[in-house]
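Student: The structure follows.
The values are calculated or read from the model by the stated rules, or taken from the named source; none is laboratory data. In this text the structure is predicted, and so the values were computed from the model without any measurement. Methodologically, a virtual Cβ is constructed for each residue, glycine included, from the backbone with ideal geometry; neighbour enumeration extends over all protein chains shown. These accessible areas exclude ligands, DNA and RNA; they are computed on the full protein's heavy atoms, side chains included. Shrake-Rupley method; radii C 1.70, N 1.55, O 1.52, S 1.80 Å.
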Amino acid sequence: MDDLAFFNTINNDRSSSENQESLLAPRSNKPLWKVPLATTADVDAAVAASQEAFRSWRQTPLEERQSQVRGLARLLEENKALLSGIISQETGKSTLMSDMEVDGSIDFLKFNAAQSLDDEIAFEDESLKIVTTYHPLGVVAAICPWNFPLVLAIAKVAASLVTGNCMIIKPSPFTPYSTLKFVELASAILPPGVLQALNGGGDVGAMLTQHPGVQKLSFTGSAATGKRIMASAAGSLKRITLELGGNDGCIVCDDVDVERVAREVAMGCFFHAGQMCVATKRVYVHRSVYPEFMTHFLRTVDGLKTDAPVEEPSVFGPISNKMQFEIVKALIEDCEKNGYEVLTGGTNGVGNGLWVSPTVVNNPPDDSRIVKEEQFGPIIPIMIWDTENEVVRRVNDTDCGLGGSIWGKDQERIQRMARSLETSTVWLNTSPRPVPMGHMAGWKESGIGGEWGRQGLLAYCQVQTLQISKSQV
Ligand code: NAD
């Protein structure tokens, strides 16, 4: 892997840059490969190539576009070891988790390749027929985060290309490698300009959001950046999809198999060390099962190793970058400074490179930072609840509304509670497990519009309505 080289892809050509940087591997702190930083000229060239490609890609029959997207899935299958290895290097994930990310990416490609864009009859009587038709928008810029670099980019690629759009991806500058390599590989099978990649930071992202040649922005990242992107897109009224942060609550009812559920909830909190948009970020356990829950939860947490080698099949790992490491460290320090009870982890577990031991905070107040803010790391507050109305109110008491989960045997009760939560996805009796078939969106400040599932696909389309009179002319 040491001899790999990474490029931007513009019009199916490998493109380097005078400006290069190399990042540090989160596990070893050793320098990774050099990577180019795109310039204004690169952005202009990519947009021009994308506009040119769009002229014919939009006319390419849907079956052919679906077939090309299935080809991308095969490409990933053939290059799974390579891409998985790169993901492990750039994010610090174990091989198990990186393999899961490549497999998930293949699922997204296959799901979208199986979607059609048939006309729909919206209304019909003896005098009028109304037909809904779907059209691509043009050049789409995908701006991506660092936690799941490949799958979050590919989910956008899959929907965009099937619907007839052309895409320019800007990966996170913390994790550009897997995306750049995938797009470089894809250039061997896709027509020039259909899929391109430009690495860079917020400056390159901002160039794309302001560019008059871009019709849609598909953004996944923090709410703070989402707000900047929305303001920037207003200038040219670009379509936007904003997939932003969350502060997902998990409710454990009093009628569950406590041991099993405690184990599963711990996984929902600490998968990829909590660096997942829909990770469980607050846990509310019914008072009657709280002591037993804590026993089993802590036992599971103690089994998560903070120094496992990449080959060990662990779902835990280091923080992926120094910026996020500092955020998590500050939250742990805040808990200790305020005297909240830290049951395991804490500052003693901080500092071995970018590793942070899983940290559990016992019943902090509802207005504490660890309850109010998205931690995006391996620290979890666990609170006690008594009544249904009370817990729903407390879980909803946040600006975020991405996801949540509820565990309980009484289906009527948990479905009633789920419908009262102001979050766009609720997982019932399962940890958060995003899948290509399920629409993901943001309620409140967790976003605008959504991705994935059928609705996510249609978000890449302009709807055109044909109103056909049946009168003779
Ligand atoms: P971030 O907002 O810091 O960065 C995301 C991307 O935006 C990066 O590519 C960055 O370079 C780019 N960017 C930064 N400033 C920009 C600007 N002014 N204009 C255009 N682009 C700009 O987010 P992050 O730290 O990479 O990701 C973590 C956040 O993402 C968390 O809040 C997490 O919850 C959220 N997230 C949400 C989802 C979801 O599906 N809702 C999925 C994964 C992550």
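Student: Could you work out Rg/(2.2 N^0.38 Å) for the chain, with Rg from alpha carbons only?
Tutor: So the chain has a normalised radius of gyration of 1.01.
Student: Considering every pair of different Cα atoms, what Kirkwood radius, in Å, is found for the range 305-389?
Tutor: Hydrodynamic radius (Kirkwood, Cα pairs) of the range 305-389 is 13.6 Å.
Student: Give me a comma-separated list of calculated 3J(HN,Hα) values for the range 448-465, in order, Karplus coefficients 6.51, -1.76, 1.60 applied at θ = phi - 60°, integers in Hz, x for any Gly or Pro.
Tutor: Couplings: 10, x, x, 10, 6, x, 4, 5, x, 4, 5, 5, 8, 10, 8, 7, 10, 9 Hz.
Student: Explain nothing, just compute: Karplus ³J(HN,Hα) = 6.51 cos²θ - 1.76 cosθ + 1.60, θ = phi - 60°, for every residue of the range 375-390 in order, whole Hz, x for Gly and Pro.
Tutor: 7, 6, x, x, 9, 9, x, 10, 10, 9, 10, 10, 10, 4, 4, 5
Student: Which log10 I(q)/I(0) values does the range 248-435 give at q = 0.08, 0.15, 0.19 Å⁻¹ under the Debye formula, counting every alpha carbon as one identical point scatterer?
Tutor: Each listed q corresponds, in turn, to -0.23, -0.82, -1.34.
Student: If you average the alpha carbon positions of the range 410-473 and of the range 1-69, how far apart do those two centres end up, in angstrom?
Tutor: Result: 31 Å between the Cα centres.
Student: Quick one: compute the contact order of the range 248-435, relative version, from alpha carbon pairs under 8 angstrom and 6+ residues apart, as a percent. Don't skip to the answer; put the middle values down first.
Tutor: Details: 349 pairs, mean separation 52.7, N = 188.
Relative contact order for the range 248-435 comes out at 28 percent.
Student: How many angstrom separate the Cα center of the range 274-350 from the Cα center of the range 180-207?
Tutor: Comparing the Cα centres of the range 274-350 and the range 180-207, I get a distance of 35 Å.
Student: Still on this model: Whats the longest run of the chain with zero GluC sites (Glu not before Pro) that are DSSP loop and have at most 13 other Cβ atoms within 10 Å?
Tutor: With a cap of 13 other Cβ atoms within 10 Å, the longest stretch comes to 127-310.
Student: Give the residue list of trypsin sites (Lys or Arg not before Pro) in the range 399-448 that are DSSP loop and have at most 14 other beta-carbon atoms within 10 angstrom.
Tutor: Counting only loop positions with at most 14 other Cβ atoms within 10 Å, the trypsin sites (Lys or Arg not before Pro) in the range 399-448 are Lys409.
Student: How long is the gain from Ile130 to Asp13 if the chain were fully straight, where each residue apart is worth 0.36 nm and the alpha carbon distance is subtracted?
Tutor: Between Ile130 and Asp13, full extension yields an extra 37.7 nm.
Student: State, as an integer percentage, the relative contact order of the chain based on alpha-carbon contacts under 8 Å between residues 6 or more apart.
Tutor: Normalised by residue count, the contact order of the chain is 18 percent.
Student: Right, something else. Return the sequence-ordered ³J(HN,Hα) values of the range 287-292 in whole Hz as given by the Karplus equation 6.51 cos²θ - 1.76 cosθ + 1.60 applied to θ = phi - 60°, using x for Gly and Pro.
Tutor: 3, 5, 10, 4, x, 5
Student: Starting from the eigenvalues of the Cα gyration tensor, five times each then square-rooted, give me the equivalent ellipsoid semi-axes of the range 14-134, largest first, whole Å.
Tutor: In descending order the semi-axes read 39, 22, 13 Å.
Student: Still on this structure, I have one more. What distance in nm lies between label points placed 7 Å from Cα along the C-beta direction at Glu412 and Glu52?
Tutor: Here the answer is 6.6 nm between the modelled labels.
Student: Right, here's the next one. Long-range amide H contacts for Phe376: which residues qualify at under 5 Å (H placed 1.01 Å from N, peptide plane, sequence gap of 5 or more or a different chain)?
Tutor: none
Student: Using per-residue counts of other Cβ atoms within 10 Å, averaged over each peptide, order 206-213, 138-145 from highest down.
Tutor: Descending mean neighbour count gives 138-145, 206-213.
Student: Let me ask something else. Could you check how much of the accessible area of the range 219-329 is carbon and sulfur, as a whole percent, using a 1.4 Å probe?
Tutor: C and S fraction of accessible area: 58 percent.
Student: Which of the three applies to the range 364-459, rounded, prolate or oblate, going by the alpha-carbon gyration tensor with a ≥ b ≥ c and a/c under 1.5 meaning rounded?
Tutor: Verdict is oblate for the range 364-459.
Student: So which lysines pass the test for Lys281, namely a Cα distance under 18 Å, with those fewer than 8 places away in the same chain ruled out?
Tutor: Hits, sequence-local ones excluded: Lys329, Lys372, Lys444.
Student: Please report the Cα spread of the range 159-293 along all three principal axes, rounded to whole Å, starting with the longest.
Tutor: Projected onto the principal axes, the Cα atoms of the range 159-293 cover 60, 36, 28 Å.
Student: Evaluate the Debye formula for the range 191-241 with equal point scatterers sitting on the alpha carbons, no solvent, and hand back log10 of I(q)/I(0) at q = 0.19, 0.29 Å⁻¹, in q order, two decimals.
Tutor: So the normalised log intensities are -0.63, -1.27.
Student: Using a Förster distance of 51 Å, how high is the FRET efficiency between Glu120 and Asp254, based on the Cβ-Cβ distance and rounded to 0.05?
Tutor: Efficiency, rounded to the nearest 0.05: 0.65.
Student: Let me ask something additional. Given H placed 1.01 Å from N in the peptide plane, which residues other than close sequence neighbours of Asp255 have an amide H under 5 Å from its amide H?
Tutor: Close amide H contacts, sequence-distant or interchain: Lys409.
Student: Kirkwood-based Rg over Rh for the range 102-165 (C-alpha set), two decimals?
Tutor: Computed over Cα atoms, the ratio is 1.17.
Student: Taking only C-alpha pairs under 8 Å that are 6+ residues apart, what is the relative contact order of the range 392-473 in percent? Walk me through the intermediate numbers first.
Tutor: Working: 111 pairs, mean separation 21.7, N = 82.
Rounded, it is 26 percent for the range 392-473.
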